[in-house]
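Single-structure report; data block below.
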Amino acid sequence: MTSVGAAAQRELGLLFLALTQPERAAHWLHLAAAQADADAMQWLGKLHARGECVEQDETKAIEWIKKAAEHGHVIARRQVAELGL
């Protein structure tokens with residue numbers, strides 16, 4: 001379960017993403033992910049796949065999506081299944 005602090009950090013990351021402030025977005029999403037926030041993990045996977053806010057890196061994208069799936073994230077679980085991981 002995500003803590004209130006991690007959820008707030010994720011939301012800050014998404015706010016900075018919407019404001020096109022990539023460094024701040026990545027910073028807050030990483031903080032939330034480090035606290036087992038599955039939504040932040042899935043977002044980091046998506047961003048690494050696109051090369052948005054962070055370096056484009058398929059390996060990191062898959063790692064974050066797998067971690068999100070392990071923490072019960074429904075979309076990430078579907079992505080893992082579709083990719084056969």
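Bear in mind these aren't lab numbers, they're just calculated from the coordinates by the rules spelled out. Because the structure is a prediction, the values reported are computed rather than measured. When we count neighbours, we look across all protein chains shown, and the Cβ atoms used for this are built from the backbone with ideal geometry, even at glycine.
What is the fewest-to-most order of 39, 57 by other Cβ atoms lying within 10 Å of their Cβ?
In increasing order of surrounding Cβ atoms, one gets 57, 39.
From the backbone phi of region 27-34, what are the Karplus-calculated ³J(HN,Hα) couplings (6.51 cos²θ - 1.76 cosθ + 1.60, θ = phi - 60°) in whole Hz, Gly and Pro given as x?
Running phi through 6.51 cos²θ - 1.76 cosθ + 1.60 with θ = phi - 60° gives 4, 5, 5, 5, 4, 5, 4, 5 Hz.
Would you mind working out the magnitude of the charge dipole of region 4-83 relative to its Cα centre, with +1 at each Lys and Arg C-beta and -1 at each Asp and Glu C-beta, to the nearest 20 Debye? Can you show the working numbers first?
Details: 9 positive and 11 negative charges, 32 e Å.
It comes to approximately 160 debye.
Which one of 79, 18, 35 has its Cα pushed farthest toward the positive end of the charge dipole of the chain, where Lys and Arg give +1 and Asp and Glu give -1 at the Cβ?
My answer, from the dipole projection, is 79.
Ordered by residue, what ³J(HN,Hα) values in Hz, to whole numbers, does region 17-24 give under the Karplus form 6.51 cos²θ - 1.76 cosθ + 1.60, where θ = phi - 60° and Gly and Pro are x?
5, 5, 8, 6, 10, x, 5, 5
Between the alpha-carbon centers of region 1-40 and region 59-77, tell me the distance in whole angstrom.
Region 1-40 and region 59-77 have Cα centres spaced 15 Å from each other.
What list of ³J(HN,Hα) values in whole Hz, one per residue of region 59-67 in order, does the Karplus curve 6.51 cos²θ - 1.76 cosθ + 1.60 (θ = phi - 60°) give from phi, with Gly and Pro shown as x?
In residue order, the calculated couplings are 5, 5, 4, 5, 4, 5, 5, 5, 4 Hz.
Lys and Arg at +1, Asp and Glu at -1: add these up for the other residues within a Cβ distance under 15 Å of residue 79 and post the number.
On the way: positive: 46, 50, 60, 66, 67, 77, 78; negative: 39, 58, 63, 70, 82.
Here the count lands on +2.
What's the local net charge at residue 68, with K and R +1, D and E -1, over the other residues with C-beta under 13 Å away?
+3
So what's the back-of-envelope 222 nm ellipticity for the chain, counting only DSSP H runs of four-plus at -39500 (n - 2.57) apiece and dividing by all residues, rounded to 500? Display every interim value, and only then the final one.
Working: 5 runs with 64 residues, N = 85.
Here the helix-only value at 222 nm equals -24000 deg cm²/dmol.
Between the DSSP loop rule and a limit of at most 12 other Cβ atoms within 10 Å, which GluC sites (Glu not before Pro) in region 4-85 are left? Don't skip to the end; give the middle numbers.
Numbers: sites: 11, 23, 52, 55, 58, 63, 70, 82; in loops: 52, 55.
Listed in order of number, the matching sites are 55.
Can you give the local net charge around residue 49? Use residues other than it whose beta-carbon is closer than 12 angstrom to its beta-carbon, Lys and Arg +1, Asp and Glu -1.
Details: positive: 46, 50, 60; negative: 52, 55, 57, 58, 63.
Result for the neighbourhood of residue 49: -2.
Which value does Rg/Rh take for the chain over its C-alpha atoms, Rh per Kirkwood? Intermediate values should be presented prior to the final figure.
On the way: Rg = 11.8 Å, Rh = 12.3 Å.
Reported Rg/Rh (Cα atoms, Kirkwood Rh): 0.96.
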